[in-house]
Structures are given as C-alpha cells and as structure tokens.
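Shown next, in structure tokens, is the structure this report addresses.
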Amino acid sequence: MSKSYLDKDETHCAIGHPKSAFWQWMLTVDHKRIGIMYAAVMFVFFFVAVFTALLMRVELFAPGAQFIDGDMFNQAFTLHGVIMVFLFIIPGIPAVFGNIVMPLMIGAKDVSFPRLNWFTFWLYIVGCIIALSSLVTFNDAGAAIGIADTGWTFYAPYSLNTDTNVITTLVAAFVLGMASILTGLNFLVTIHRLRAPGMGFFKMPLFVWGIYATAWIQLLATPVVGITLILAILEKFFGIGIFDPSKGGDPVLFQHLFWIYSHPAVYLMILPAFGIMSEIIPVFSRREIFGYRTIALSSASIAGIGYIVWGHHLYTSGMSDIAKTIFSFLTFFVAVPTGIKFYDWIATMYKGKIILATPMLWALGTIITFAIGGLTGVTIAMVGVDIHLQDTYYSVAHFHYAILGGVVFLLFAGLHYWFPLVTGKMYNETRAKIAFYLNFVGINLLWFPMFIAGYYGMPRRYFDYLPEFEVYHQVSGVGAIVIVTGLIFMMWNLIRGWRKGEKVGVNYWGATTLEWHTQSSPPPLENHPKVPYVDFNPYEYHHGEPVVKFDENMKRID
Amino acid sequence: MSHEYVPEVSTDREGKEHVVQGWQDDREGGKMGFWLFMLTEVMMFGAMFLVLTYYFSLHQQDFINASASLNRLLGGINTVVLLFSALTMGLGLLKMRSGDVKGAQLMIWATIVLATAFLVIKGFEWTAEYNHGVFLGLDALQSGNEHSKPFGEILFFGMYFTMTGLHGFHIIIGIGIMLWLLKRIKAGKVTPGHNILHFNIALYWDLVHLIWVFVFPYFYMIGAGDIGGVIHGH
C-alpha cells in the first residue's frame with residue numbers, strides 16, 4: 001500500500017528527526033499537515049466564538065437583563081469579534097486550503113519556505129495564546145479585568161480609556177497580523193517560483209488566483225494595521241498622544257488607519273472563498289468554467305479596488321462631502337468585478353450536467369446568501385442610506401450574510417469538496433446535506449429579521465432594546481439555535497467520516513485540477529510522483545468527462 | 001527523512017524535458033521573498049510618515065520649534081555612522097562574492113561596530129532629552145499639567161520617540177542577524193557560491209539606513225533654519 005502524508009515518519013521536520021508521531025506533527029514542515037493543524041485550531045476557536053454569539057442571542061431573546069450584565073455583553077461581542085476575525089477568518093481559507101491544496105494545484109512539492117511556514121503556524125498559536133490570556137488577567141487590585149470591551153475595531157479614544165485588557169488583545173492582533181503577512185509572503189513566492197513547467201499564470205486553477213490576490217492584500221495592508229496597533233499600544237503605555245484628542249491627537253485618524261487594512265481584509269477573506277466557488281462550480285457542472293480570464297482578473301481587480309474604499313466606514317465619523325462621494329463611488333465600483341464572477345458561475349452551470357453533491361449544495365446556497373450580503377452592502381455604500389443605517393442591525397446582517405453566508409459557507413464547501421483528497425475517506429452524504437439545509441435555513445432565520453429591525457432603528461451592540469423589536473430578536477434566536485445545531489451536526493459528520501468513513505480512491509469527484517491527479521489518496525509526502533508538464537487549461541471537460549489524464553510518471557496519456 | 005534535493009525534470013507530450021524549480025536552492029525565490037518583506041517594512045514606516053505628515057500640516061510651528069530643540073550634531077554624526085555602515089555592509093557582500101571570506105567577515109564586524117556606535121550615540125541623545133524632561137511618559141508630553149508642551153510638540157515628540165525607537169529596534173535586530181550570519185559563515189553554510197543569506201541581510205541593512213535617511217531630515221532638519229529656537233531652546 002502506498003504511503004500517505006498522514007502516516008508516521010512521512011514528514012520533514014523543522015528541527016531534527018524526532019521519533020514520536022506527536023513531535024513529528026509539532027515540528028512538521030509539510031504544507032498538508034500544517035494546513036490540517038490550522039484547521040483543527042481554527043475550528044476550536046470558531047466554536048468558542050459561536051457559543052459566545054449564542055450567549056448574546058439568548059440574552060437578547062427578551063428585553064432587559066436575563067443572564068449577563070451590560071459590561072459582560074460588551075466583552076462577549078468583543079470576544080466573538082476578535083476570535084472570529086483575527087483567529088478564524090483572517091487566517092481562514094488561505095491557512096487551511098492555501099496550505100493544503102495550493103501547492104498541489106500548481107504541481108509543487110511544498111511551499112517556497114517550508115520552515116517559515118512552520119514558524120508562521122506557531123506564531124499564530126502564540127497570537128492565540130496571547131488573545132486568550134487577556135481573558136484571565138488581573139489588574140493591580142487583583143480584580144479580573146477580562147478581555148477588551150471595545151469591539152474588535154478598538155476605536156480610539158474609548159479603547160485608550162477603558163480599564164479592560166485592551167493591550168494584550170492589541171498585541172495578539174499584531175502577532176496574528178504578522179503570521180498573516182508571512183503566510184502571504186510565502187504564498188506569493190510559491191506561486192511565482194514553483195509552478196510546474198508550462199503552467200503560466202492563465203493556466204493556474206482559479207483558487208490559486210484567489211490565493212494570489214489575497215496574498216498581496218495580506219502583504220500590503222496588514223503592516224498598516226500592525227503599526228496602528230503599535231501606536232495604540234504605545235498610547236496606552238506612554239501616552240504618545242497620536243490618537244488622544246486631549247493631547248491634540250485625532251481619533252478619526254485611528255479609524256482611517258484601521259480601515260485601510262481592515263476593509264481590504266474583508267476581500268482577503270472573500271477572494272479565496274470565490275476561488276473555492278470557481279473550483280466547485282465547473283467540477284459539479286461538468287463543464288469548463290465560463291470566462292476564466294474574467295474571473296482571474298476580477299480577483300486581481302477586487303484586491304486592487306478594495307484597497308481604496310475604506311472611507312465608507314467613516315461616513316458618520318467626520319469627513320468632507322467630496323471624500324464621502326468619492327469613497328461611495330469607489331465602493332460601488334468594487335461590486336462590478338464581483339458581479340462578473342457571479343455571471344460567470346451561472347453561465348458555467350448553463351447547459352451543464354449539474355450534480356447536486358454536498359459541495360455543490362454549499363456553493364449554490366452561497367450564491368443566494370452572498371448575493372443578499374453583497375447587494376445589501378451596495379445599499380449602505382450610498383452615503384444617504386448609510387447615515388440612516390450606520391451602526392444598526394442592518395449592517396450587522398449585511399456583514400454576516402457576506403462573511404458567514406459567503407466566506408464561511410464556501411470554506412465549508414471546500415471542506416466537503418477536498419475531504420476525500422485530504423483524508424482519503426468519505427463522509428455520509430445524506431447527513432452532510434441535512435447539515436447544509438439546517439445551516440441554510442438557520443442563517444436566513446437568524447439574520448434576515450435583522451435587516452428589518454435595523455431598518456426600523458435597532459442599533460448594533462446594544463444589550464437591551466425597545467419592546468417593539470422583540471419579535472425580530474426572537475426569530476433570530478430561533479435561527480441561532482437552528483444554525484448552531486447545523487454546525488455541530490456538520491462537524492460531527494465530518495469527524496465521523498474521517499474516523500469511520502469508507503475509503504475512497506483518487507479523484508473522487510472526477511475533477512480536473514492537478515491536486516486530484518496524485519497517485520494515491522491521501523497524497524504522499526512531496527505530492528506528485530513526478531512534476532507534470534502543464535500544457536492544458538485547468539477545467540477541461542469533454543462530454544462531461546475530464547479530458548486530461550496522467551500515467552504513473554505524470555505523463556499525459558489522453 | 002532527509003531534505004536532500006534531487007533535481008527534477010518534467011516531460012511534455014513530445015518527450016521534451018523541462019527543468020523543475022524546487023523550493024530548495026531557489027536563490028531567486030529567496031531574494032523575492034525578502035524584497036516582499038522589505039515592502040511590508042516600507043508600508044509600516046510609510047503609515048507612520050503619513051501620520052507625521054498629517055500632524056505636521058496641522059501644527060507647523062510647534063513641529064518646527066520641537067525639531068529645533070533636537071541635537072543636530074549627534075543626529076548628524078549618527079547619519080554619517082549609519083551611511084558608513086551601509087558601505088561596509090556592501091563591501092562585505094562584494095568581498096564574499098569575489099571569494100574573500102575573511103575580508104567579508106571583517107566587513108561584517110565593522111558593520112556591527114558601527115551599528116553599536118549608532119545605538120550608543122542614540123542612547124546619549126535620549127538620555128540628554130530625558131534629563132531635559134522630554135521623554136515618553138514624562139509630564140512635558142502629557143496634557144493638563146504645568147510642564148505640558150503644546151499639542152504639536154507632544155505629537156512631534158511622541159512620533160519622534162516612536163519612530164527612532166522602532167528604527168533603533170531594527171538596528172538591534174540587525175546586529176543580531178549579523179552575528180548569526182558570522183556564525184553561519186564560520187560553519188561553512190554561507191559561502192561565496194551560496195550567499196543568499198548574506199545578500200538578504202545586506203538588503204535589510206540597506207533598508208534600515210534608508211529609513212534613517214528619511215527619518216533624519218523629517219525630525220532633525222525641519223527646525224534647523226529656526227535659529228531662535230536653538231538659542232531660546234529647551
């Protein structure tokens with residue numbers, strides 16, 4: 001039987017050659033193992049944040065205080081935001097599938113700097129530990145001060161004045177940002193240097209394009225927020241005055257610097273997710289993707305335009321009207337390449353032989369939820385509408401439809417799609433489909449009422465509300481129960497599939513991209529037996545069958 | 001399992017062979033990675049220069065007054081020291097490339113000495129400023145007390161200590177990696193034929209001195225013309 005990367009001794013290590021399987025995992029430089037470790041840690045934190053959110057929804061089921069007080073509520077939404085944004089969704093798809101799949105897709109044996117990749121993973125772990133440490137720290141008087149209560153955005157001047165533990169949270173965000181930068185750097189060099197011979201940029205799978213565009217954002221935008229967080233830390237320690245109006249500093253400047261990174265960061269989240277969509281749609285429609293180049297270039301242009309739209313977060317913070325108008329226009333503009341992608345995906349399905357397997361269900365569901373999330377985003381890009389809806393449940397609903405209903409749903413799609421490749425086994429499809437429907441119904445129940453509540457003026461981050469909003473909060477609460485059930489059920493099904501699922505062969509889905517053309521499943525250490533020569537497009541189907549086939553020496557035999 | 005790199009070829013349908021680039025021994029990749037890292041440094045310091053420029057536009061006179069009180073002599077000496085260290089670093093790389101390993105080591109040591117001198121001078125400067133009551137956390141840079149400086153000066157010194165401090169931190173890191181480089185050279189891991197580590201550290205040092213080339217005029221020189229500031233200075 002052929003060996004897989006999961007077997008003992010089948011790995012390279014950063015330091016030495018440890019004998020125990022445990023240390024072989026801890027010190028591994030293999031991109032596939034590192035990706036799996038990221039996934040494991042990320043999903044633990046994901047569920048911590050999910051339950052924090054559930055706690056808030058339970059509290060909001062009725063007006064007034066039930067289980068937690070207002071201060072704790074503030075800390076709860078901060079914890080939820082910090083974990084979800086910095087620990088889960090920013091490493092997100094690149095850390096998991098960028099690591100596991102991207103080198104396989106371009107026919108490389110590993111990333112360009114495998115040791116750096118190992119270091120980056122542990123930097124991420126250090127960041128996680130610092131973030132958690134702020135939960136259990138005490139002030140001089142010995143009272144527990146707990147995690148920041150500022151929201152994940154750390155807006156000055158409140159973040160400079162609050163007694164809660166903002167500094168450790170800021171340090172954590174900085175360390176996690178560094179890990180993100182190094183991942184992006186590693187992937188950029190990998191994609192430039194290690195593509196198999198013959199694979200030009202326009203022969204790369206579209207997921208690689210997504211990762212490539214993302215990596216540029218990680219590299220160029222993250223340092224700006226990094227230094228902003230450092231300035232805020234120095235402000236807390238020494239009072240350098242940069243963001244503190246009592247010393248002449250400008251708190252709005254903090255918002256600018258923060259969003260110069262944090263708005264591109266949402267594209268950093270969504271672009272690899274779109275990449276997953278572009279992988280799944282052709283495979284399960286059995287057709288070559290429609291408009292390959294437009295999808296590839298729209299990824300690049302979303303990354304570019306996304307960099308210059310941050311001002312739409314500051315419509316109500318004090319900005320000149322001309323600046324507002326320009327930012328508003330630029331924000332509309334970013335919807336154009338996104339729209340192009342959606343038309344391309346739908347055109348790919350047209351006259352295709354659509355197979356409604358679980359990954360495809362998630363992808364199709366995302367077309368609906370992300371369309372809602374994206375289009376409501378366009379509405380609040382308008383200055384006038386935004387002044388009405390700023391900081392209401394409307395923008396909360398928009399954000400969650402776009403990020404949960406876009407990024408996370410596609411991450412789940414990817415989990416189900418690459419599951420047979422990564423584990424060599426298969427989950428129970430019926431249960432996986434039930435889990436999808438639970439999530440799909442749940443997300444709409446949970447967040448659609450918030451659009452209405454927000455439109456009628458329900459502010460975000462509030463611990464209490466007027467009685468007329470009760471019905472929306474209660475529908476949301478039911479939706480939260482449904483989606484949490486769906487999430488747990490899905491995870492249980494996947495874990496069970498890995499432990500007890502039946503073994504499957506290579507290329508379970510009949511896909512065309514290189515990661516499926518390994519000789520065994522799961523793939524061995526160092527991937528393909530020989531590096532193939534790429535003289536074909538990534539998604540070539542003929543009468544619903546993949547065109548390109550390889551022999552055991554990776555020579556084409558079709 | 002070992003890391004030994006076996007060069008590989010891939011064969012196309014006509015049977016033609018193509019060289020495969022592995023991650024091992026990828027000089028171009030190593031260079032590209034480090035250039036990208038330099039880009040992140042530029043973005044980081046760039047953001048700080050942006051902050052600085054913004055506040056300068058709001059408080060021009062305060063900035064000029066604060067700048068006038070800085071010690072241009074020590075700052076100027078440091079600039080020369082750092083430019084010299086960039087020269088020794090570059091010469092070291094040239095020597096390494098031409099096969100003169102001993103000369104390269106000597107040049108790296110010279111760079112380390114100059115970098116240390118820079119830090120020592122910086123230390124004197126900061127000490128003097130501290131003794132004048134101008135330092136992070138001291139009353140002069142806090143608002144609402146009798147020693148408080150005007151807003152613009154608080155912001156100027158806040159950025160001054162932040163940026164020169166971060167720059168100094170880069171110098172310390174630089175000394176650390178140069179010592180490591182010397183160790184690698186001694187161990188025979190960095191050789192005239194395989195000098196990517198030396199190359200990248202030289203690149204790093206170039207960036208560190210380049211940042212100073214912008215930091216120096218922005219902090220020390222904008223108040224240089226204001227003679228009154230020096231005479232009636234703090």
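Whole-Hz Karplus values for the stretch A:223-240 come out as x, 5, 6, x, 6, 5, 5, 5, 4, 5, 5, 4, 4, 5, 6, 10, x, 6 Hz, taken residue by residue from phi with 6.51 cos²θ - 1.76 cosθ + 1.60 and θ = phi - 60°; glycine and proline positions read x. Under the criterion of Cα pairs below 8 Å and six or more residues apart, the relative contact order for chain B equals 29 percent. With 29 Å as the limit, the listed pairs A:Lys3/A:Lys549; B:Lys95/B:Lys183; A:Lys341/B:Lys31; A:Lys203/B:Lys16; A:Lys503/A:Lys530 have A:Lys341/B:Lys31 beyond it between alpha carbons.
Look at the stretch A:103-110: the mean tally of other chain Cβ atoms within 10 Å of its residues' Cβ atoms is 2.
Legend: mean number of C-beta atoms from other chains within 10 angstrom of residue C-beta atoms, peptide B:155-165, equals 4.
Taking amide H atoms as placed 1.01 Å from N in the peptide plane, the amide H of A:Lys425 lies under 5 Å from those of A:Val504, each 5 or more residues away in sequence or on another chain. Note on the stretch A:402-508: dipole from Cβ charges, positive end direction compared against A:Gly454, A:Gly497, A:Asn507; the farthest Cα belongs to A:Asn507. Between amide H atoms placed 1.01 Å from N, distances below 5 Å from A:Phe550 occur with A:Ile557, all of them 5 or more places distant or on a separate chain. Among beta bridges from DSSP that stay inside chain A, the antiparallel ones total about 90%.
Among B:Asp139, A:Asp110, B:Asp62, sorting on how many other beta-carbon atoms sit within 10 Å of each Cβ, with the fewest leading, yields B:Asp139, B:Asp62, A:Asp110.
For the stretch A:1-60 versus the stretch B:161-189, the spacing of their alpha-carbon centroids is 33 Å. Per residue, the average separation of C-alpha pairs within less than 8 Å and at least 6 apart gives the stretch A:367-500 a relative contact order of 32 percent. Electrostatic tally near A:Gln255: other residues with Cβ closer than 15 Å to its Cβ, Lys and Arg +1, Asp and Glu -1, net -4. Separation of the stretch A:387-436 from the stretch A:199-244 is 24 Å, based on Cα centroids. Taking the centroid of alpha carbons for each part, the stretch A:354-370 and the stretch A:255-277 are 22 Å apart. Charge tally around A:Met458: other residues with Cβ under 13 Å, Lys/Arg +1 each, Asp/Glu -1 each, net -2. On a per residue basis, the convex hull of the C-alpha atoms belonging to chain B measures out at 183 Å³. For the stretch A:506-513, backbone phi angles converted through the Karplus equation (6.51, -1.76, 1.60; θ = phi - 60°) give residue-by-residue couplings of 6, 6, 4, 8, x, 8, 10, 6 Hz, Gly and Pro being listed as x. Listed by chain and number, the lysines placed with their C-alpha closer than 18 angstrom to that of B:Lys149 are A:Lys247; residues fewer than eight positions away on the same chain are left out.
Karplus-based coupling profile of the stretch A:432-443, in residue order and whole Hz: 4, 6, 4, 4, 4, 5, 4, 5, 5, 5, x, 4, with θ = phi - 60° in 6.51 cos²θ - 1.76 cosθ + 1.60 and x standing for Gly or Pro. Ordered from longest to shortest, the equivalent ellipsoid semi-axes for the stretch A:21-546 are 37, 25, 24 Å, each the square root of 5 times a Cα gyration tensor eigenvalue. Mind checking which aspartates and glutamates have their C-alpha under 16 Å from B:Lys186, skipping anything on the same chain fewer than 8 residues away? Answer for B:Lys186, where 16 Å is the Cα cut-off: B:Asp100, listed by chain and number.
In chain A, taking the dipole from charged Cβ atoms about the Cα centre, the farthest positive-side position among A:Phe436, A:His416, A:Val252 is held by A:His416.
Under a 5 Å amide H cut-off, with hydrogens placed 1.01 Å from N, B:Val190 pairs with B:Ile185 among residues at least 5 apart or on other chains. Over the residues of chain A, the helix contribution to mean residue ellipticity at 222 nm works out to -20500 deg cm²/dmol, using -39500 (n - 2.57) for each DSSP H run of at least 4. Annotation: the residues B:Trp205, A:Trp122, sorted from fewest to most other C-beta atoms within 10 Å of their own C-beta, follow the order A:Trp122, B:Trp205.
Sorted ascending by nearby beta carbons within 10 Å, beginning with the fewest, A:Thr376, B:Thr53 become B:Thr53, A:Thr376. Farthest toward the positive end of the dipole of chain B, out of B:Leu91, B:Phe118, B:Asn71, is the Cα of B:Leu91, where the dipole comes from beta carbon charges about the Cα centre.
Normalised by the number of residues in chain A, the average gap of Cα pairs under 8 Å and 6 or more apart makes the relative contact order 17 percent.
Readers should treat all values here as calculations from the given coordinates under stated rules, not as data from a laboratory. These figures come from a predicted structure and were not determined experimentally. No Cβ is skipped: glycine too gets one built from the backbone with ideal geometry, and neighbour counts run over all protein chains shown.
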